[in-house]
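Take a look at the structure below.
The values are calculated or read from the model by the stated rules, or taken from the named source; none is laboratory data. Fair warning: this is a prediction, and the values are worked out from it, not measured in the lab. Using ideal geometry, Cβ is built from the backbone for each residue, glycine included, and neighbour counts are taken over all protein chains shown.
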Amino acid sequence: MSSLETFISFRYLRGKRRIGTYVTAIGICLGSFVLIIALSIANGFEKEVRDRIVGTLAHAKILQYHSTPVLRYDSLRTEILKHPDVLGAAPYISGKGGIEHKQVQEGVMFMGVDHRLEPSVTDIGKSVKWGTFNLDSMESDRGRKLPGICIGLGLADKMGVRDGAEVVLMSLALDEGQVDPVPRMNRFIVTGVFETGMYEYDLNLVYISISSAQQLLNMEGVEGIQVKTVDLFRADRIISDVRDYLGGYPYRAMDWQSQNKSLFQWMKLERLIIFIVISMIMFVAALNIISSLVTTVFEKRREIGILMSMGATSSSILKIFMLYGIVVGFVGSTVGTSLGVLLCYIQYRWQLIPLPGDIYFINKLPVMISAFDVFLVYFAANLIAWLTTVFPALKASKMLPAESIRYE
């Protein structure tokens, strides 16, 4: 049969089953629409979390095994910067301690950094809301010259401090010749209050100078070198290459993905679950195709027999019934995918849907449209619609003309 004859036969066999066709198309449309939006929102949240983590922590780090301090860190930093895939490098020290202000005490993690080099590896300097990211000695509200400290907004609100206030930072350190650690403390002036958007960082992270961190921990040198690479998604391979470039042992490499491995693995699993669960909407809608076509096959046995007796082949009948599912899937998936992409673009462009900032770390619903996700949803919707036509189409194509007409 020609394409025109196939189309005419398709119209003839379909009869007046238009309501079922519309319901099926709408179901596939809604499934595609919701799936595009859900995946785009999941991508948006993942991007926001990733940008905040990488903006606060560097792409990667170079350390020494067994937590051995790096003594000649200036020369090491110079060597790291010679690598063509490295954009910036800065020394750092990390430690845990307690902070106190007017008898309010909180546990914190402090980072000892060089505030002149830190902007080359992180965006913490751009996150300062009050004051400046300056860790040099400054004069406090009480007229005393003290080293600077920069604290998170959550911690500042909890302790009731702003830039210019004095705080005491305490830590435990091993003095030479002693077995048990002893407390060390130093008084600082709050020079800046930053807001990264990550609740844990804003509540628990503070920045001090490298010299202040060395005094608190009674150590020489630094813990390691933070590194910013040309591509954060290739940071693991780049930092491994940097380690090999430095000669391997005693240096070890650590990238941002390995530091937050469980978080991003959970996000990938979440996206997979979203895709599988919402795809069930399209699958349930596509079941209407099976029920509609199976019913059509039994109702139109006489017409099928007549067409086959007139010369229609089994393959022609197969094409007629499969064309139904293909057309319905194409229309539903095209409309649903297009509407989903359009709505996501509107939210991305104009940020119309707000979020409560006190619950989430952002105040607008984040979306990020992925071309791969759009293709995957579109392909899956059409594939599901096509697969559901296989059984009734095969059943119709295997009917014998004489058997079809005998019972009519």
Review point. Only one of (1) in contact with a Lys or Arg (Cβ under 7 Å, 6 or more places away or on another chain); (2) surrounded by fewer than 18 Cβ atoms within 10 Å (Cβ to Cβ) is not met by GLY88, so which one is it?
Key: (2)
**Study point:** Candidate set from segment 255-290 (those that are of a type outside the set (A, V, I, L, M, F, W, C) and without any contact (Cβ under 8 Å) to a residue 12 or more places away in the chain); member that is surrounded by the fewest Cβ atoms within 10 Å (Cβ to Cβ)
**Key:** SER262
Exercise for review: Taking ARG142 as meeting all but one of (1) out of contact with any His (no Cβ under 9 Å at 6 or more places or on another chain); (2) not in a loop (DSSP other than H, G, I, E, B), write down the number of the exception.
Suggested key: (2)
Check your understanding: How many residues does segment 28-76 contain that are within 14 Å of VAL377 (Cα to Cα) and either of a type outside the set (S, T, N, Q) or surrounded by fewer than 17 Cβ atoms within 10 Å (Cβ to Cβ) (or both)?
Key -> 11
Check your understanding: With LEU365, LEU355 as the choices, which residue is among the hydrophobic types (A, V, I, L, M, F, W, C), in contact with a Pro (Cβ under 8 Å, 6 or more places away or on another chain) and at negative phi?
Key -> LEU365
Practice item. Quick one: which residue in GLY112, GLY143, GLY154 is touching a residue at least 24 places away in the same chain (Cβ under 8 Å), in the same structural domain as GLY88 (by TED's automatic domain parsing) and over 16 Å from ILE208 (Cα atoms)? Key: GLY154
Study note, to complete from the structure: Considering segment 1-21, residues that are closer than 15 Å to VAL331 by Cβ and surrounded by 14 or more Cβ atoms within 10 Å (Cβ to Cβ), and then whichever is modelled with the highest pLDDT, we arrive at THR21
**Study point:** Some residue of segment 120-129 being part of a helix (DSSP H, G or I), in contact (Cβ under 8 Å) with a residue 40 or more places away in the chain and buried (at least 22 other Cβ atoms within 10 Å of the Cβ)
**Key:** yes
Revision key, fill the gap. Residues of segment 135-185 being farther than 25 Å from ASP114 by Cα, within 39 Å of the chain's Cα centre (by Cα) and surrounded by fewer than 17 Cβ atoms within 10 Å (Cβ to Cβ), in sequence order, are ASP157, LYS158, GLY160
Check your understanding: Right, GLN347: within 21 Å of PHE375 (Cα to Cα), in contact with a Leu (Cβ under 9 Å, 6 or more places away or on another chain), among the polar types (S, T, N, Q) and modelled with pLDDT of 85 or more or not?
Key -> yes
Exercise for review: Considering only segment 199-230, state which residues are over 15 Å from LEU71 (Cα atoms), surrounded by 22 or more Cβ atoms within 10 Å (Cβ to Cβ), among the hydrophobic types (A, V, I, L, M, F, W, C) and touching a Lys or Arg at 6+ places or on another chain (Cβ under 9 Å).
Suggested key: LEU216, VAL227
Check your understanding: What do you reckon, is ASP163 out of contact with any Leu (no Cβ under 7 Å at 6 or more places or on another chain), assigned to a loop (DSSP other than H, G, I, E, B) and without any contact (Cβ under 8 Å) to a residue 60 or more places away in the chain?
Key -> yes
Practice item. Would you mind stating whether GLN178 is among the polar types (S, T, N, Q), out of contact with any helix residue (DSSP H, G or I) (no Cβ under 8 Å at 6 or more places or on another chain) and over 28 Å from TYR73 (Cα atoms)? Key: no
Exercise for review: Please enumerate the residues belonging to segment 59-116 that are aromatic (Phe, Trp, Tyr) and in a loop (DSSP other than H, G, I, E, B).
Suggested key: none
Exercise for review: Please tell me if PHE188 is under 30 Å from HIS59 (Cα atoms), buried (at least 16 other Cβ atoms within 10 Å of the Cβ) and under 29 Å from the mean Cα position of the chain (by Cα).
Suggested key: no
